[in-house]
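Before any comments, here is the structure.
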Amino acid sequence: MNFSRRSKSLSIIFLILIVDQILKIWIKTSMSLGDEIVIFKNWFILHFVENNGMAFGFEFAGEYGKMFLSVFRILAVVAIGWYLSKLYRQKEIPFGFIASISLILAGAVGNIIDSLFYGMIFNHSYGQVATLFPDGGGYSSFLHGRVVDMFYFPLFSGTYPNWLPVVGGNDYLFFRPVFNIADSAITVGIFSILIFYRKYFNKLDEKPVSEEEDTSKTEEAKVEN
């Protein structure tokens, strides 16, 4: 079966969203905040945390800051979706670039779902396992949900040498941030573009050549020869 570029892109987006939300809902309804499941030694851990802010657990100030961030995410998703719809029509754009934008869009939507709805459909996870659609209502309101994170990779730790300025003698842990599938999709998409596809951002400024124009140019070239 021959799938179009649009179909492949939408498949990537929906697959990321489905897996991301299934894992988040499972974590939310199976663990309380701070609970851990060790997957591989102490290197790969499912560690349940929630955050009010941006990717990888970074926070954004206050309730108004949270609302601003949620609205900004929605506008960003609309802009990315519009950009992606234009890419579908650019045949000279490689699908790898479209796939990278699709990953970014899927990750952004995945975290938006948490922010928009989780506060209304779950009760809190402090010292308890949350319930989906609890009788008493959710822990917050629309736009004020917290993003669920779970992937924790404390690969190695140690102490900075004393001769280093500022941090010398302090302990360090790599990799400290806790993140989710949506964060991973955004990161992979961004780094793929930076490494392989930066030049294609300028392609959309060029007027696409239609098939009729392309055919007429070919015929003119034949006549001249």
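Tabulated results
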{"quantity": "Scope the stretch 84-98; condition open to solvent by less than 40 Å² (accessible area, probe 1.4 Å), assigned to a helix (DSSP H, G or I) and not β-branched (Val, Ile, Thr); matching residues", "calculated": "Leu84, Ser85, Leu87, Gly96, Phe97"}
{"quantity": "Positions within the stretch 31-46 being closer than 12 Å to Met150 by Cα, in contact (Cβ under 8 Å) with a residue 24 or more places away in the chain and either of a type in the set (S, T, N, Q) or assigned to a loop (DSSP other than H, G, I, E, B) (or both), in sequence order", "calculated": "Met31, Ser32, Leu33"}
{"quantity": "Test: residue in the stretch 88-96 that is under 25 Å from Ile25 (Cβ atoms) and at pLDDT 95 or above", "calculated": "no"}
{"quantity": "Qualifying residue in the stretch 16-25 (condition: more than 15 Å from Ser184 (Cβ to Cβ), surrounded by 14 or more Cβ atoms within 10 Å (Cβ to Cβ) and modelled with pLDDT of 90 or more)", "calculated": "yes"}
{"quantity": "Residues that are open to solvent by 30 Å² or more (accessible area, probe 1.4 Å), modelled with pLDDT under 95 and in contact with a Ser or Thr (Cβ under 8 Å, 6 or more places away or on another chain), drawn from the stretch 145-188", "calculated": "Arg146, Gly169, Asn170, Asp171, Tyr172, Leu173, Phe174"}
{"quantity": "Which listed residue is in contact (Cβ under 8 Å) with a residue 40 or more places away in the chain and over 15 Å from the mean Cα position of the chain (by Cα), from Tyr139, Tyr118", "calculated": "Tyr118"}
{"quantity": "Options Ile113, Ile101; residue that is part of a helix (DSSP H, G or I), open to solvent by 30 Å² or more (accessible area, probe 1.4 Å) and touching a residue at least 24 places away in the same chain (Cβ under 8 Å)", "calculated": "Ile113"}
{"quantity": "Entirely in the stretch 121-203, the strands (runs of 3 or more DSSP E) that have 1 or more residues that are polar (S, T, N, Q)", "calculated": "156-159"}
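The values are calculated or read from the model by the stated rules, or taken from the named source; none is laboratory data. Nothing here was measured: the structure is a model prediction, and the numbers come from that model. Glycine also receives a Cβ, built like all others from the backbone with ideal geometry; neighbour counts cover every protein chain displayed. Heavy atoms of the whole protein, side chains included, go into the accessibility calculation; ligands, DNA and RNA do not. Shrake-Rupley method; radii C 1.70, N 1.55, O 1.52, S 1.80 Å.
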